[in-house]
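The structure appears below as structure tokens.
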Amino acid sequence: MLEYSNELFKEKFNTAVEILKIFENNNFKAYFVGGCVRDYILKKEFSDIDITTNALPEEIKTIFDRTIDTGIKHGTVTIFHKGNYYEVTTFRTELDYTNHRSPDKVEFVSSLEKDLERRDFTINAMALDSRGRLYDFHNGLSDLNHKIIRTVNSPNERFNEDALRMLRAFRFSSKLEFKIEDETYNAIVKNKELIKFVSIERVVVEFKKLLQEKGNKNALGQLISSKIGCYIPFIKFIEEYTDFADFTFSQALYWLMYFNNIELLELKKLKLSNNEIKKIKKYKKIKLEFDKKTPLEVMIYDFGREDVKFIVDIFKIMSTEKIKDIYLPILNFSEIEITSEEIIKIINKKPGSWIKEVSRLIEVNILLNNLQNNNKGIIDFLLKLKDKI
């Protein structure tokens with residue numbers, strides 16, 4: 001049975017409690033809400049502290065000196081207090097989700113209970129007051145104890161309002177290693193096509209979080225079984241998967257791409273960052289170099305020890321200890337005891353693409369210990385090559 005104490009409450013919420021008391025001193029109600037409450041009860045670390053209040057946005061701004069209108073149209077104001085930012089939202093209900101993603105209209109209300117009804121899952125629909133008292137109208141504490149992901153009220157309504165919640169169910173299942181309650185899971189299966197209304201950027205954010213949590217393998221398996229992936233680029237081709245908890249997002253995507261024979265063009269539909277695409281292409285190149293039997297020293301020099309180790313790991317090419325033991329006499333061309341100007345002078349040829357080819361020959365021979373990295377030895381090496389260039 002999960003328990004929480006007054007001492008733990010003071011420790012975790014610390015100066016944020018002062019904000020609730022400021023509201024109370026101004027005759028308003030205010031509560032901690034959402035993920036911070038859930039993680040506090042689970043004794044997990046959290047950084048974001050969200051607050052809900054019956055004060056209207058303009059009233060919040062009159063109470064606190066330093067505020068930012070982060071989402072004032074929907075009742076959200078950010079407060080800066082003692083070095084930290086806190087997102088504060090007025091009690092509200094949400095109406096008319098015509099695009100299955102965000103409400104067309106919000107209506108401010110005076111009831112905490114009414115506000116919590118709009119939340120996605122019971123475990124995220126709990127609140128704490130300034131004294132650490134829990135407000136739980138949807139049995140969120142019971143679901144935390146039983147390790148269950150369940151929507152607030154009707155799952156069909158929740159997913160029709162915001163289709164992204166379906167992916168969030170799998171993400172929380174991965175994060176907390178909880179089971180998705182049967183009615184909630186069945187509603188995902190029933191409403192899965194609604195995910196088409198969600199931008200691919202938002203989908204990828206949830207997918208990335210899912211893959212990086214401890215329960216990712218089981219959660220991904222459930223996602224695939226639900227067939228929601230049939231409506232998501234790249235994910236619709238996934239059949240094979242593994243435990244990705246120790247992978248970076250780019251590593252996980254490369255693994256999924258390779259072992260499911262997914263084309264890079266399909267991966268690009270996820271609208272990843274340039275760095276993520278660049279990293280995945282790098283893994284493809286390393287695998288190709290292994291297939292070509294390129295010397296290990298050259299691959300580590302070209303691609304870096306950690307990225308080569310990743311490919312060695314997933315394909316079981318050799319012991320990773322061998323990667324650690326490889327010594328490189330140079331780390332880049334600037335460490336070689338000759339300059340490009342000297343190379344041009346020795347070869348006595350008009351500058352061109354040949355300089356890059358010759359420089360590469362020097363690098364490789366030094367890396368393989370066929371050539372010592374000293375000026376005289378490199379000059380002798382070049383003189384022997386001179387007539388072949």
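The values are calculated or read from the model by the stated rules, or taken from the named source; none is laboratory data. Keep in mind that this is a model prediction, so the values were computed, not measured. FYI the Cβ positions are ideal-geometry reconstructions off the backbone, even for glycines, and counts take in every protein chain you see. Note: accessible area is taken over every heavy atom of the protein model, side chains too, but ligands, DNA and RNA are not part of it. Shrake-Rupley method; radii C 1.70, N 1.55, O 1.52, S 1.80 Å.
Brief remarks on what is shown
- When region 11-28 is filtered for residues that are of a type in the set (D, E, K, R) and either farther than 16 Å from THR62 by Cα or not in a helix (DSSP H, G or I) (or both), the ones remaining, listed by number, are GLU11, LYS12, GLU18.
- Pairing each residue of region 207-219 that is under 22 Å from GLU181 (Cβ atoms) with any residue that is aromatic (Phe, Trp, Tyr) and surrounded by fewer than 24 Cβ atoms within 10 Å (Cβ to Cβ), provided the two are 6+ apart or on different chains, yields C-beta distances under 7 Å for ASN216/PHE244; LYS217/TYR241.
Rundown of residues vs (1) more than 17 Å from ASN84 (Cβ to Cβ); (2) open to solvent by less than 60 Å² (accessible area, probe 1.4 Å), yes/no style:
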{"position": "PHE13", "(1), (2)": "no, yes"}
{"position": "ASN27", "(1), (2)": "yes, no"}
{"position": "CYS36", "(1), (2)": "no, yes"}
{"position": "ASP48", "(1), (2)": "no, no"}
{"position": "ILE51", "(1), (2)": "no, yes"}
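- Hits in region 251-263 (condition: more than 14 Å from PHE310 (Cα to Cα), open to solvent by 30 Å² or more (accessible area, probe 1.4 Å) and of a type outside the set (Asp, Glu)): PHE259, ASN261
- Subset of region 58-91 (residues that are outside any strand (DSSP E or B) and buried (at least 21 other Cβ atoms within 10 Å of the Cβ)): ILE60, GLY75, PHE91
- Being of a type in the set (Val, Ile, Thr), out of contact with any His (no Cβ under 8 Å at 6 or more places or on another chain), in a helix (DSSP H, G or I) and not assigned by the TED database to the domain that holds VAL308 is a property that holds for ILE362.
- The number of residues in region 228-246 being surrounded by fewer than 20 Cβ atoms within 10 Å (Cβ to Cβ) and aromatic (Phe, Trp, Tyr) comes to 3.
- Boolean, ILE277 is at pLDDT below 95, surrounded by 14 or more Cβ atoms within 10 Å (Cβ to Cβ) and either closer than 30 Å to ASN370 by Cα or among the β-branched types (Val, Ile, Thr) (or both): no
- Residue, surrounded by the most Cβ atoms within 10 Å (Cβ to Cβ), within region 171-227, restricted to residues that are among the aliphatic types (A, V, I, L, M) and under 20 Å from THR98 (Cα atoms): ILE188
- Members of region 299-326 that are open to solvent by 50 Å² or more (accessible area, probe 1.4 Å) and touching a residue at least 24 places away in the same chain (Cβ under 8 Å): ILE317, LYS322
- Each residue in region 286-298 was checked for being surrounded by 14 or more Cβ atoms within 10 Å (Cβ to Cβ) and assigned to a helix (DSSP H, G or I), and 7 of them qualify.
- Residue among GLU181, GLU161 that is acidic (Asp, Glu) and more than 19 Å from GLU94 (Cβ to Cβ): GLU181
- Selection of region 120-153 for residues being part of a loop (DSSP other than H, G, I, E, B) and open to solvent by 40 Å² or more (accessible area, probe 1.4 Å) yields ARG131, ARG133, PHE137, ASN139, HIS146, LYS147, ARG150, ASN153.
- Any hit, region 163-173, residues being aromatic (Phe, Trp, Tyr), over 30 Å from ASN26 (Cβ atoms) and within 26 Å of the chain's Cα centre (by Cα): yes
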